[in-house]
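Read through the structure below, which is laid out as structure tokens, and then see the notes.
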Amino acid sequence: MAPAVAKDLGRIILLRASDNDRRSAGETLSVVNEILEQDVKVAKAFLTRFLRSTVRGGQRGQATIIQNATESLGTPNAEVGLTEQAVTQYGLNCLRNADPEVRTIGKKLILDVYASGKRDVVFKLVSDEERMNRHPLLSSILDEMLLLNTTQQTRGASSTSQQSSSSKRPSTKSVRISNDLPKRNGDAQSSCQYCNTTIESADHGTLEKHWQNSCPLFTKCNDCNQVIMVSSLATHRRSECRSRNNYRTCPRCGESVERSMFHRHVGRKDCRPTASYAAKCPLCAAHISPDNDEQWRRHLTVQCKENPRRRTSYEAKRNTSEPLSRGSSM
């Protein structure tokens with residue numbers, strides 16, 4: 001019965017979910033998501049159909065429904081048809097779409113299933129596609145896959161090292177620094193490599209304290225108290241935070257939104273797609289363009305009004321410069 005219902009209603013659902021009226025589309029997406037979460041057989045019937053076929057004029061709604069399903073039901077999830085091969089192939093099809101929003105969703109689907117599923121299956125499909133079609137997004141995805149592998153290997157080694165050292169001495173910090181913080185070799189440094197603030201002492205302990213407490217390019221996750229880079233907060237909430245199940249990624253703008261607020265967020269007029277060369281600040285929702293270290297530094301140290309560390313950093317720089325100014329005037 002479920003496959004028949006999916007066949008009869010699938011086209012109508014996709015067209016309504018792709019409606020230019022965001023409120024109407026948001027309501028449709030909300031209802032569909034609730035239905036998929038309540039019945040496994042119905043979810044599999046609809047998702048299997050949506051992953052294999054497209055409806056002209058309904059691709060955006062289709063991609064959004066699948067993205068929402070992977071967020072709420074998990075990916076890979078063979079029980080509802082969200083296998084590594086099916087999700088990856090659909091993601092690759094999205095990359096060929098003319099709509100940048102659909103292409104963005106396709107990229108996220110591939111990277112999400114790669115992070116949680118059988119990586120060899122996903123990597124082979126993407127690399128085979130990249131050999132046949134030299135699309136820049138495919139090269140970008142492969143680069144991010146390799147980066148994810150390297151990051152997790154580094155974290156694994158760091159975790160082993162921390163466990164060894166913790167057996168020798170008790171931990172004294174209630175807030176831990178994220179593993180993506182840089183590791184120094186003891187070389188003397190006169191400033192933070194991220195915000196360029198002058199550091200009195202260049203030893204690793206002083207730098208770590210600076211990153212933990214005052215560097216405007218870092219922030220503390222409110223859910224797990226881990227200190228991480230602001231530019232990585234959305235990724236952290238999506239895949240690393242112990243409370244990651246409390247968040248869903250908006251397929252339109254890429255923002256990590258609390259589940260209780262997700263459907264309201266999708267219906268908002270200011271929820272707009274982010275350009276492929278830009279990023280979105282998780283603190284103030286401003287677009288960071290271009291998405292590079294220099295632009296993030298400028299935004300978080302000067303422009304972001306929702307960054308509490310921006311004011312602290314500014315006051316610290318002013319206090320260190322005032323004595324010099326007074327001395328020169330004398």
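The values are calculated or read from the model by the stated rules, or taken from the named source; none is laboratory data. What you are looking at is a predicted structure, and each value in this text was computed from that prediction instead of being measured. Here the Cβ positions follow ideal geometry from the backbone for every residue, glycine too, while neighbour counts run over all protein chains shown.
Of the strands (runs of 3 or more DSSP E) that lie entirely inside region 220-293, those containing 1 or more residues that are among the aliphatic types (A, V, I, L, M) span 227-229, 256-258. Go through region 124-161 and count every residue that is hydroxyl-bearing (Ser, Thr, Tyr) and modelled with pLDDT of 85 or more. Counting residues in region 124-161 that are hydroxyl-bearing (Ser, Thr, Tyr) and modelled with pLDDT of 85 or more gives 1. If the condition is being farther than 27 Å from Ser256 by Cα and either in a loop (DSSP other than H, G, I, E, B) or at pLDDT 80 or above (or both), then region 195-206 contributes Asn196, Thr197, Thr198, Ile199, Glu200, Ser201, Ala202, Asp203, Thr206. Here His210, His263 are screened, and the one residue that is surrounded by 19 or more Cβ atoms within 10 Å (Cβ to Cβ) and either out of contact with any Asp or Glu (no Cβ under 6 Å at 6 or more places or on another chain) or more than 27 Å from Gln62 (Cα to Cα) (or both) is His210. Hey, among the residues in region 45-58 that are touching a residue at least 40 places away in the same chain (Cβ under 8 Å) and buried (at least 21 other Cβ atoms within 10 Å of the Cβ), which one's nearest to Arg103 (Cα to Cα)? Top of the filtered list is Gly58. Scanning region 100-128 for residues being crowded, with 19+ Cβ neighbours inside 10 Å and of a type in the set (Ser, Thr, Tyr) gives a total of 2. Is it the case that some residue within region 50-64 is assigned to a helix (DSSP H, G or I), of a type in the set (Val, Ile, Thr) and under 19 Å from Ala2 (Cα atoms)? Within region 50-64, none of the residues are assigned to a helix (DSSP H, G or I), of a type in the set (Val, Ile, Thr) and under 19 Å from Ala2 (Cα atoms).
Among the residues of region 237-252, the ones that are modelled with pLDDT under 80 and in contact with a strand residue (DSSP E or B) (Cβ under 6 Å, 6 or more places away or on another chain) come to 3 in all.
When the criteria are applied in full, Thr75 meets the requirement of being in contact with a helix residue (DSSP H, G or I) (Cβ under 6 Å, 6 or more places away or on another chain), outside any helix (DSSP H, G or I) and not assigned by the TED database to the domain that holds Tyr247.
Of everything in region 4-44 that's in a helix (DSSP H, G or I) and hydroxyl-bearing (Ser, Thr, Tyr), which residue is surrounded by the fewest Cβ atoms within 10 Å (Cβ to Cβ)? Top of the filtered list is Ser24. Taking region 74-106, which residues are farther than 23 Å from Asp120 by Cβ and not β-branched (Val, Ile, Thr)? Correct list: Arg96, Asn97, Ala98, Asp99, Pro100, Glu101, Arg103. Residues of region 114-131 that are of a type in the set (Lys, Arg) and in contact (Cβ under 8 Å) with a residue 24 or more places away in the chain: Lys118, Arg119. Just wondering, is there one or more residues in region 40-57 that are small (Gly, Ala, Ser) and at pLDDT 90 or above? Checked against the condition, which is being small (Gly, Ala, Ser) and at pLDDT 90 or above, region 40-57 yields at least one hit.
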